[in-house]
Amino acid sequence: MAKGNINVQAENIFPIIKKFLYSDQEIFLRELVANAIDATQKLKTLSSIDKIKGDIGELRVEVVLDEKAKTITIKDNGLGMSADEVDKYINEIAFSGAEEFVKKFKDKGDGANIIGHFGLGFYSAFMVAEKVEIITKSYKKTVKAAHWTCDGSPNYEMVEHDRKDRGTDIILHVNEEDSIEFLDKNRIQGLLSKYCKFLPVDIKFGTNEETKKTGEGDDAKEETIVTDNIINNPKPAWTQTPSKLTDVDYRSFYHELYPSNFEEPLFHIHLNVDFPFNLTGILYFPKLNNSMEVQKDKIQLYCNQVFVTDSVEGIVPDFLMLLHGVLDSPDIPLNVSRSYLQSDASVKKISNHITKKVADKLESLFKKDRKDFESKWDDIKVFIEYGMLSEEKFNDKASKFCLFKNTAGEYHTMEEYLKKITPNQTDKDKKVVCLYTSNVDEQYSYIESAKAKGYDVLVMDSPLTSHLLSKLESNNADTTFVRVDSDTVEKLIKKDEEVPSKLSEKDEEKLKPIIEEVVPKEKFTVSFESMSEKEQPFIITEPEFMRRMKEQQKMGGGGMMMMGAMPEMYNLVINSNHEIVGKMLKEKDSKKQKALIKQTSDLAMLSQNLLKGEALNSFIKRSLDMIK
Ligand code: ADP
Ligand code: MG
């Protein structure tokens, strides 16, 4: 028997490890199962290069929970260790890693992020165990098995063991005082499915707690059995060759990742890069509709199929966090802190690469089947708009597949659209004016007026529209976006033609103060305009720049926080050629004249959705009186 003292300066580092990693105790299972998997993979490699002769059999890892004995055992039939190797890898190397870790991070909070980085993997066992045993037998036939025991002090014990079969058992004697939660079957099951769901070797999980009756009558026996079932999928879709997978495979993998999500993804991107870094993964486009309220932390990050985290902020660009799926890279330094990650050059490269791949995929989907792409557009546009606004490189590429839908339901790229509207929608300063509506129902009458003039109207109803407009205007020189209700139809696109007015300047001067008496002056600026008689008599508009400022302020952008809330101000434009306006002027009875103005201005407000509460109620009453 050998006794030893692990060569460390620190008196007893275990309590320190425990304390600093307390919040993330659960990762012990990930670390130990990952080691077991490593051991099987190393054996496989040795066999493949003929360092091991003969059949190595089926490789497997088992996790056994014994609630009565209060142990968790992690077993593998990997390459195993000799006593010398335990000395070297466990007593020296792993321990010096642990010691280094403690020295460096004693005063820092985020210990758990750094754990594996310092080779602390194995020692994380002491976060939950008061005693740990290793029973291991090397694949080398002549080497005897070893039994290592350590009770959490720097002292360990190592003796020979009579184990004959190749592999390693790690036995954790769970500390009842503060780790009793890990003696619960559901807890362990949960951890295995969180961290080990896609590990590359079959993992069985069982407990010693269930008993089974065998035989009949006098032969009846009760025996304790290990119920075990495989808890992982060792060949998840992202590790397979894309050409071998069908759409059905991709979809069923999606549901394997998100068992409680019943929506189908719209499409997927299979990433497969081996130069200049290693990255595999599958990203899915979920249905976004018009909301940004989606869960952001849906992408899972893996390192060689070991789950690491589902908070990928700083690793993938912000807009891509709306996607679902998995990323797997041994090159992302996963075990370091988040701030380190964000400044890491290879992480930045990976992030740029993903952005490029996503843009390329969208472009190819657009080119391959435009109809299909159009049918999905409304569900993905928020994502694409977000990308255009936040990543310049994505914005450059997106111009090829970003679509604009008009009120007729036709989709165009910006290039196609500008070609279409330039002849009729160029103003006198040679600017092409794109008209848009943010709400087809609310701005109905304005849309109709624009259509009557032969103008086309785009539907721009996403929550990002006000930011996107400025972007589009800077992407496309000599183009401007104007909402249909921001001016009268004559002035939306200013041309040189003038419509003659039926009212003289004198008439207008007479009528203006009377109208101002009826409508609230602080809210409406009254002006006259000679329009087609077919247009409505009174029209309420809100200048484009005013509304955009208001909207951006609402979204907390544009640096206008200092200005305070913008006042509610509208233009009330009087169509000097409309029959009713002529009637207003001629009306001698002042009471009747005001009633006419009131009714007309209420109708204008109604059409802008501005007539509410008491005003709306008295309008309805008045209208009913009229038809009585
Ligand atoms: P790392 O896995 O990063 O090398 P660990 O502390 O997790 O660090 O493990 C230390 C070493 O102990 C491993 O590199 C390996 O050589 C050895 N080891 C741990 N677990 C096993 C196992 N189940 N089978 C064989 N060797 C193991
Ligand atoms: Mg390890």
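The values are calculated or read from the model by the stated rules, or taken from the named source; none is laboratory data. Owing to the predicted nature of the structure, the values given are computational and were not obtained by experimental measurement. Glycine gets a Cβ as well: all are built from the backbone with ideal geometry, and neighbour counts include every protein chain shown. When the accessible area is computed, the model is the full protein with side chains, heavy atoms only, and any ligands, DNA or RNA have been set aside. Shrake-Rupley method; radii C 1.70, N 1.55, O 1.52, S 1.80 Å.
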**OP:** Considering only region 503-605, give the strands (runs of 3 or more DSSP E) lying wholly within it that have at least 2 residues that are modelled with pLDDT of 85 or more, open to solvent by less than 40 Å² (accessible area, probe 1.4 Å) and among the aliphatic types (A, V, I, L, M).
**Re:** 538-541, 570-575
**OP:** Among the residues of region 408-444, write down those that are within 30 Å of the chain's Cα centre (by Cα) and in a loop (DSSP other than H, G, I, E, B).
**Re:** Gly409, Glu410, Ser438, Asn439, Val440
**OP:** Could you grab me the full set of residues in region 50-81 that are closer than 11 Å to Asn208 by Cβ and out of contact with any strand residue (DSSP E or B) (no Cβ under 6 Å at 6 or more places or on another chain)?
**Re:** Asp66, Glu67, Lys68, Ala69
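Restricting to region 9-40, name every residue that is more than 16 Å from ligand 2 (Cβ to nearest atom), modelled with pLDDT of 60 or more, in a helix (DSSP H, G or I) and surrounded by 17 or more Cβ atoms within 10 Å (Cβ to Cβ).
The first filter runs over region 9-40 and keeps only residues more than 16 Å from ligand 2 (Cβ to nearest atom), leaving 9-16, 18-20, 22-23, 25.
Of the ones still in play, those that are also modelled with pLDDT of 60 or more are 13-16, 18, 25.
If we keep only those that are in a helix (DSSP H, G or I) as well, we get 14-16, 18.
Scanning region 9-40 gives Phe14, Ile16, Lys18.
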Original post:
Limited to region 122-148, what total is found for residues that are within 16 Å of ligand 2 (Cβ to nearest atom) and open to solvent by 10 Å² or more (accessible area, probe 1.4 Å)?
Top reply: 1
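Which ones in region 44-77 are in a loop (DSSP other than H, G, I, E, B) and in contact with a Gly (Cβ under 6 Å, 6 or more places away or on another chain)?
If the condition is that a residue be in a loop (DSSP other than H, G, I, E, B) and in contact with a Gly (Cβ under 6 Å, 6 or more places away or on another chain), then Asn77 is the only one that fits.
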**OP:** Quick one: which residue in Ile447, Ile421 is open to solvent by less than 10 Å² (accessible area, probe 1.4 Å) and either without any contact (Cβ under 8 Å) to a residue 40 or more places away in the chain or in the same structural domain as Ser530 (by TED's automatic domain parsing) (or both)?
**Re:** Ile421
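Consider region 51-82. How many of its residues are away from ligand 1 (no atom under 11 Å from the Cβ) and over 15 Å from Lys140 (Cβ atoms)?
Here is the first cut: in region 51-82, the ones away from ligand 1 (no atom under 11 Å from the Cβ) are 51-60, 62-73.
Filter again for over 15 Å from Lys140 (Cβ atoms), leaving 55, 57-60, 62-73.
Summing the residues that are away from ligand 1 (no atom under 11 Å from the Cβ) and over 15 Å from Lys140 (Cβ atoms) in region 51-82 gives 17.
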